[in-house]
Amino acid sequence: MFEAVLSNGSTLKKIFEGIKDLCTDVNFDVSSEGIKLQAMDSSHVSLVSLELHTDVFEQFRCDRDSMTLGLNMKSVTQIFKICGNDDSVTMRAEDEGETLEFTFEKGEDRVSTFELKLMDIDSEHLGIPDTEYQCNVKLPCSEYQRICRDMAGFGDNMTIDCQKGGVTFSVDGEVGKGKIFLKHQPNVEEKHKVIVTVKEGVELDFALRYLNNFAKAAPLSDHVQLGLNSDTPLSVRFDIEDKATLGSLKFFLAPKIKE
Amino acid sequence: QPTQLTLNSFFTPS
């Protein structure tokens, strides 16, 4: 049997909101260590990797070595509309069960339950190497969200140029060119901090459509962390409630290359 | 227009 209780149900709601537009069906891989999810978008350009450690849950039980629960994202996000912001969530599945039961509670006054039919999803699992990035940028989620939204008005691609001292986001579209520079700002109020760590400068192009999709996970934490290496996928990481010990929602995006 | 790469050229099936 699998049973997990999360007092802060909105965390799961935010996670599903963050990935629903990238993937239609996903597998929840449950083990005694927690919940993992890996899924690619249909065009194999981006990948979602979720890790929820048991520390994020008030109660966590998985009797088997592992369980795979296939979820349709549209249905899950529909179910989570039932979940109020202060509700706790309990997820429960029998060992050979065909459903995942969600219970949303606020105290004992209001209890809603929904049994979701599980799916058999054939998904390709990719090995993602542990990468040390040449450039790491930690910036407020609100800033990331704003940059991606504003830049999307001018073009399809955004160049991220990370150098010692700061990071430049630029777009070159039909109506003209624009750029936003964020200075390395370690000594300001926590919520405004921008930390740019550079071993070697990196400049890469990415599709704004995907970067904007990732921004939907912004409510999960205060800061987002970008990892860049030359000619490799970008990593966009949201730590759950800004605590890596609880887990993270990571996105990977393949770069675009100039002809 | 730059060419969009896919993740399959970076990550291998595990």
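The values are calculated or read from the model by the stated rules, or taken from the named source; none is laboratory data. If you're wondering where the values come from, they're calculated on a predicted model, not measured in any experiment. Reconstructed Cβ throughout: ideal geometry from the backbone, glycine too, with neighbour counts over all protein chains shown.
The requirement of being free of Cβ contacts under 8 Å to residues at least 24 places away in the same chain and more than 20 Å from A:S248 (Cβ to Cβ) is fulfilled somewhere in the range A:188-197, by at least one residue. Exactly one residue among A:L228, A:L220 is of a type outside the set (S, T, N, Q), under 25 Å from A:M40 (Cβ atoms) and out of contact with any Gly (no Cβ under 9 Å at 6 or more places or on another chain), and that residue is A:L228. For the range A:232-250, residues that are closer than 16 Å to A:L6 by Cβ, under 13 Å from the mean Cα position of the chain (by Cα) and not in a strand (DSSP E or B) total 2.
Of the residues that make up the range A:45-53, is at least one within 16 Å of B:L7 (Cβ to Cβ) and either in contact with a Lys or Arg (Cβ under 6 Å, 6 or more places away or on another chain) or modelled with pLDDT under 95 (or both)? Yes, there is a match, as at least one residue in the range A:45-53 is within 16 Å of B:L7 (Cβ to Cβ) and either in contact with a Lys or Arg (Cβ under 6 Å, 6 or more places away or on another chain) or modelled with pLDDT under 95 (or both). The residue that is nearest to the other protein chains (Cβ to nearest Cβ), among those in the range A:119-145 that are in contact with a strand residue (DSSP E or B) (Cβ under 8 Å, 6 or more places away or on another chain), within 22 Å of A:L204 (Cβ to Cβ) and assigned to a loop (DSSP other than H, G, I, E, B), is A:I128.
The residue that is surrounded by the fewest Cβ atoms within 10 Å (Cβ to Cβ), among those in the range A:239-259 that are touching a residue at least 12 places away in the same chain (Cβ under 8 Å) and more than 18 Å from A:G227 (Cβ to Cβ), is A:K258. Annotation: A:F206 fulfils all but one of (1) of a type outside the set (S, T, N, Q); (2) assigned to a strand (DSSP E or B); (3) more than 14 Å from chain B (Cβ to nearest Cβ); (4) out of contact with any Phe, Trp or Tyr (no Cβ under 8 Å at 6 or more places or on another chain); the unmet one is (3).
So that you can scan it fast, the table gives a plain yes or no per residue for (1) out of contact with any Ser or Thr (no Cβ under 9 Å at 6 or more places or on another chain); (2) more than 14 Å from chain B (Cβ to nearest Cβ):
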site	(1), (2)
A:D29	no, no
A:G34	no, yes
A:A39	no, no
A:V48	yes, no
A:E51	no, yes
A:D55	no, yes
A:C62	no, yes
A:M67	no, yes
A:T77	yes, yes
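Looking across the range A:165-212 at every residue that is in contact with a Gly (Cβ under 9 Å, 6 or more places away or on another chain) and of a type in the set (V, I, T), the one that is surrounded by the fewest Cβ atoms within 10 Å (Cβ to Cβ) is identified as A:V175.
Between A:K20, A:K74, the distinction of being within 24 Å of A:L211 (Cα to Cα) and buried (at least 17 other Cβ atoms within 10 Å of the Cβ) belongs to A:K20 only.
Okay, residues lined up against (1) out of contact with any strand residue (DSSP E or B) (no Cβ under 6 Å at 6 or more places or on another chain); (2) within 25 Å of A:D122 (Cβ to Cβ); (3) crowded, with 16+ Cβ neighbours inside 10 Å:
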position: A:I35; (1), (2), (3): no, yes, yes
position: A:S43; (1), (2), (3): yes, yes, no
position: A:E51; (1), (2), (3): no, yes, yes
position: A:Q78; (1), (2), (3): yes, yes, no
position: A:N85; (1), (2), (3): yes, no, no
position: A:M91; (1), (2), (3): no, yes, yes
position: A:E94; (1), (2), (3): yes, yes, no
position: A:F104; (1), (2), (3): no, no, yes
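Out of curiosity, is A:V236 more than 14 Å from chain B (Cβ to nearest Cβ), in contact (Cβ under 8 Å) with a residue 24 or more places away in the chain and either surrounded by 14 or more Cβ atoms within 10 Å (Cβ to Cβ) or in contact with a Ser or Thr (Cβ under 8 Å, 6 or more places away or on another chain) (or both)? So A:V236 fails the test.
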